[in-house]
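Every number in this text was worked out from the coordinates using simple rules, so none of it is lab data. Just so it is clear, the model here is predicted, and its values are computed rather than measured. Cβ atoms come from the backbone with ideal geometry, glycine included; neighbour counts cover every protein chain shown.
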Amino acid sequence: MMKKDVHETYAGMVWRRFKRHRAGFACLILLLAIAAAAVLAPVLAPFDPDQINPAFSQAPGGPYLLGTDQMGRDVFSRLLYGTRVSLTVGVLSTLLATSIGVVLGLTAGYFGGWADMVIMRVTDMIMSFPYIMLILVAGVIFRPGMWMIILILGFIDWPGVARLVRGEVLSLREKDFIHSAEIAGMSRRYILFSEILPNCFAPILIFATGVMAISILDEASLSFLGMGIQPPQASLGNMLNGAQSISVLTGMPWLWVAPGVMIILLVVCTNFVGDALRDAMDPNTSW
Amino acid sequence: MQDSHILLSVRDLTKHYPAEGNGFFHRNNEFIHAVDHVSFDLREGETLGLVGESGCGKSTTGRLVVGMEKPDGGSILYEGQELAGMSRKELSSIRTLLQMIFQDSYQSLNPRKRVLDILADPMVFHGIVSRADAPRRVGELLQLVGLPADAADRYPHEFSGGQRQRISIARALSLNPRLIVCDEPVSALDVSIQAQILNLMKDLQDRLGVAYLFIAHGLGAVHYISDRIAVMYLGEIVELGEGQEVFRHPLHPYAQALIGAVPAADPDRRPDDASILKGEAGDAVHVGEGCRFAARCPFAADQCLREHPVLTDFGNGHLAACWRAARGHECEPGI
Amino acid sequence: MAKYIAKRLLYGLITLLGITIIDFILMNLVGNPIDILASNPKVSEGALKVRAHELGLDRPAWQQYFIWIGQILHGNFGFSYKTYQPVSQMILSHLFPTLILMGTALAVSMVIAVVFGIYSAVHVHTKRDYSIVFLAFLGQSVPGFFLALVLIYFFSVRLGWLPSSGMRNLNDPGDGVQLRYLILPATVLALSEAGNNIRYIRSAMLEILNQDYLRTVKGKGVGRRILIYRHALRNALIPIVTVFGMEIPGLFGGSVILEQIFSWPGLGLMTMNAILQRDYPVIMATCLLSAVVVLLANIVTDILYAVVDPTVKLGKQF
């Protein structure tokens, strides 16, 4: 009588379909490996990232896997710690932006009226400012540092999420299962959090991967310009900072190639994971 | 049946929507008369069929009855209590007694929830069962609608359309309602499945005494399940009566046309009269003084264009709004 | 339609008002210009007071806001704290290089996005399609500044073909061959914008190609090429218009960073310097200016959108 003999949970189905996207799956594995290496940085790093070694500006080789910088710090160790900072910034600012966006998007979409009007105009305003400029100005106002960057990115990134969630809520509100919950006399809270929110989960998760990719890029740009993570703390962006000088750019490629490639890897992988999630969670493709 | 208790009494129910194209520069205050002075009674344990073409206001009527939309006028009396104009909070105590089944069973079940939660949450919320006791009650409900008990652990997409509609029925029944508004509950299903669902609904009515307001554009299902039938045209009820009576002796030319258009179970009945229904289904914006059906009616006379006919009793509770019928031309369809 | 445009303009006006308020608040958070002046030991206490009064800084914040708005309406953006030039004049003198850079990048990236997006959609699920999607992904994921470094490394340092900097103000006569300075920054800016947009156009195009009426036309035996060009492209105008609107903010952001790297004497470089020096009137003006341009671009996009696609549900999308 049932269409299928073996039934699976929603998460199980998403996972099965996710694995079919080979590039996305490989990227997920790679991303997890990088994250593990970053988390284990204190164990894996051969040197203290801030430790000044006797070898200055040394090319890769010997104990220095990726060479040393002009101050004699081990590039490989700094790369691990920098990745740790970049991932932390990416994940936490995405969480913050998504939380703010979800709450405001749900409010705007479900309650409508004035709340909707105000929230949407604020998203318009924030989205009108070129993003990097807002971040730079915020960077001037507040003392730069990792936690400040996370807060700044989180508070600037939410409008996209809010718009997405609002759109989802508006379309879900017209669905009959919401009507039937209303007819059953369920509370607004129940409808909002138990009926609507779980159905926004897939688009939010997909969108969040994009936000995370952008956050990682933004932290890198900001630190590259010297407005983000401040030395001596390593970040992928500020490791590239030195490459603004022609002598580093031409003479010491080991200083900037590795962090640059790492940023690209993180962002490409995050984007591919998002793409695979989109394929896996899209209700329009066959089950 | 005649003497039984009146559960729902709808009087002059009216709902207007602003017409499309009400623009910035042409504010013309035009309205779509979606539901216009609709009145009917629904008795306990009875099925009232509401039929008409799409856009005639039958679904809006159903949505107004369950409180999904606010009426612009008229009253909806449930057990003598006025529902129209009740606040959300006041409604919630009565809501459990008024439930609804939708056409699209896929859209009407939350795709992220297991059947157990879909059925249990409203019951627990209203204190009908405790959370601990809910699975047992859900099992009973599933059995009642002819689904195996292990259906509780599955998600809606794992079922066929007919099975999902059974879940919808179980959900509607879970709150022990006395009236269920059924908005085209079988029209999305295969014909063979349609009969199963209709039989289930009839069976449940016999066992539980629930009343149905059965909305459909297909007359077949309505004829099969309804005790009484109301025919709607452009927001108005144009004919109302016992099911057999309306089917055998339709008074309104529109009802005659509809019945003529039914793919006949009776091969002798020729579908010729369907030809009456040529032309546009009129629009519910520019409703004139006269009969709304006049533009498409082959029998339209002067009076029909000038004066609006009112629902009149032609005996045995068979009502129609037609000047021709009032003049005594009862028509045998298809003869 | 008229109602929609009127509503859109009204919302735009509200947003504009909000933008000026945000801009004002942000700049007040940056710091009191008097404190910045006071850090200069040569300026006396009395001179500070006079200066504060001149700038209206002894008034309540809301009054300062209205004074500021009033000045802007007269085209007066104040004076730079560093160069003592009128900000409007500084903006004008840096505007042209930025317009050249952004305009070139916009044109190039639109062409890339449209051509590759449509090509990819028409050849969906082929090797060519996958390669384009992969490259688009890569373009989206490579930070603009890193791409700039790589291109400088190869084309300026190794091959010596193109200059990495040295662009002077275009108003400056003398150096005839300016184009070669433009190539690297414009390429980087265009490539970072194009990645996302290729994918956007591709998926919008796929949706159009899958629509029923196109199948019907196909059924009638209209040639594939004619079909794509005549029917699909007209509908593809909608995503193209959208992409146009989406690119504007990215161009502003990108030019701030790239002008820094390539020493391009435009608004971005000026802004970056102003930010580093906390030159408050200059930051305030460029932020406001770019926000207004983005806002206008959004409004124009929305209206074009409604004109191109009359079936769009007006009003629902805000």
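Model label points for A:L205 and A:V91, set 7 angstrom from Cα along the Cα-to-Cβ axis, are 1.7 nm apart. Considering only beta bridges that DSSP places wholly inside the protein assembly as shown, some 60 percent are antiparallel. Karplus-derived 3J(HN,Hα) values for the stretch A:207-217, using 6.51 cos²θ - 1.76 cosθ + 1.60 with θ = phi - 60°, are 5, 4, 4, x, 4, 5, 4, 5, 4, 5, 4 Hz; glycine and proline are entered as x. Under the combined filter of DSSP loop state and at most 11 neighbouring Cβ atoms within 10 Å, the stretch C:42-150 retains these chymotrypsin sites (Phe, Trp or Tyr not before Pro): C:Y84. Computed packing ranks the peptides C:263-274, B:138-149 as C:263-274, B:138-149, most packed first, by mean other Cβ atoms within 10 Å. In a DSSP loop and with at most 16 other Cβ atoms within 10 Å, the chymotrypsin sites (Phe, Trp or Tyr not before Pro) in the stretch A:77-171 are A:F142. Taking the Cα centre of the stretch B:133-184 as reference, the dipole from Cβ charges on Lys and Arg (+1) and Asp and Glu (-1) amounts to some 120 debye. Note on chain A: GNM, Cα springs under 10 Å; of A:L44, A:L225, A:L79, the largest mean-square fluctuation is that of A:L44.
Modelled this way, with points 7 Å down the Cα-to-C-beta line, the labels at A:W114 and B:L77 are 3.9 nm from one another. Simple spin-label estimate for B:V310 and B:D153 gives 6.3 nm between the two label positions (7 Å along the Cα-to-Cβ direction from each Cα). In this calculation the C-beta distance from B:K70 to C:L9 is compared with R0 = 30 Å, giving a FRET efficiency of 0.40. Between the Cα long axis of helix A:22-39 and the first principal axis of chain A there is an angle of about 60°, rounded to the nearest 10.
Take the cross-link list A:K175/B:K15; B:K58/B:K202; B:K89/C:K7 and give me the ones stretching past 30 Å between alpha-carbons. Violating the 30 Å Cα-Cα cut-off are B:K89/C:K7. Taking every alpha-carbon pair within the protein assembly as shown, the share separated by more than 51 Å comes to 35 percent.
For the stretch C:127-165, the residues whose amide N sits under 20 Å from a probe point set 7 Å from the Cα of C:V115 along the beta carbon direction are C:127-140.
The length gained by stretching the chain between C:R128 and C:S263 to full extension, at 0.36 nm per residue less their Cα-Cα distance, is 44.9 nm.
At R0 = 25 Å, how high is the FRET efficiency between B:H5 and B:N199 if r is their beta carbon distance? Nearest 0.05 is fine. That gives a FRET efficiency of 0.45. Our helix-only sum for the protein assembly as shown, with -39,500 (n - 2.57) per DSSP H run of n ≥ 4 divided by its residues, gives a mean residue ellipticity at 222 nm of -18500 deg cm²/dmol. Per-residue 3J(HN,Hα) values for the stretch C:63-77, derived from phi via the Karplus relation 6.51 cos²θ - 1.76 cosθ + 1.60 with θ = phi - 60°, read 5, 4, 4, 5, 4, 4, 4, x, 5, 4, 4, 8, x, 9, 9 Hz in sequence order (x marks Gly and Pro).
Counts of other chain beta carbons within 10 angstrom of each beta carbon in peptide A:194-204 average 2. In sequence order, the stretch C:193-201 has phi-based couplings of 7, 5, x, 4, 6, 4, 5, 5, 5 Hz under the Karplus curve 6.51 cos²θ - 1.76 cosθ + 1.60, θ = phi - 60°, and Gly or Pro positions carry x.
With Cβ to Cβ distances under 13 Å as the rule, what net charge do the other residues near B:L42 carry (K, R +1; D, E -1)? Once all neighbours under 13 Å are counted, the net charge is -1. Among the trypsin sites (Lys or Arg not before Pro) found in the stretch B:169-262, not one is both in a DSSP coil and sparsely packed, with 13 or fewer other Cβ atoms within 10 Å of its Cβ.
Charge dipole of the protein assembly as shown (Cα centre as origin; +1 on each Lys and Arg Cβ, -1 on each Asp and Glu Cβ, all else neutral): 2440 debye, rounded to the nearest 20. By the Cβ distance rule (another cysteine Cβ under 4.7 Å), the unpaired cysteines of chain A are A:C200.
Computed FRET efficiency, Cβ-Cβ of A:S245 and A:V43, R0 35 Å: what is it to the nearest 0.05? Rounded to the nearest 0.05, the efficiency is 0.55.
Farthest toward the positive end of the dipole of the protein assembly as shown, out of A:M212, C:S80, A:S93, is the Cα of C:S80, where the dipole comes from beta carbon charges about the Cα centre.
Putting +1 on Lys and Arg Cβ atoms and -1 on Asp and Glu Cβ atoms, find which of C:Q89, A:S194, B:F102 reaches farthest to the positive end of the dipole of the protein assembly as shown. Selected residue: C:Q89. Protection proxy ranking, highest mean first, for peptides A:194-202, B:162-170: B:162-170, A:194-202, where packing is the per-residue count of other beta-carbon atoms within 10 Å, averaged. Between the stretch B:39-90 and the stretch B:108-179, what is the separation of their alpha carbon centroids in Å? Here the answer is 25 Å between Cα centres.
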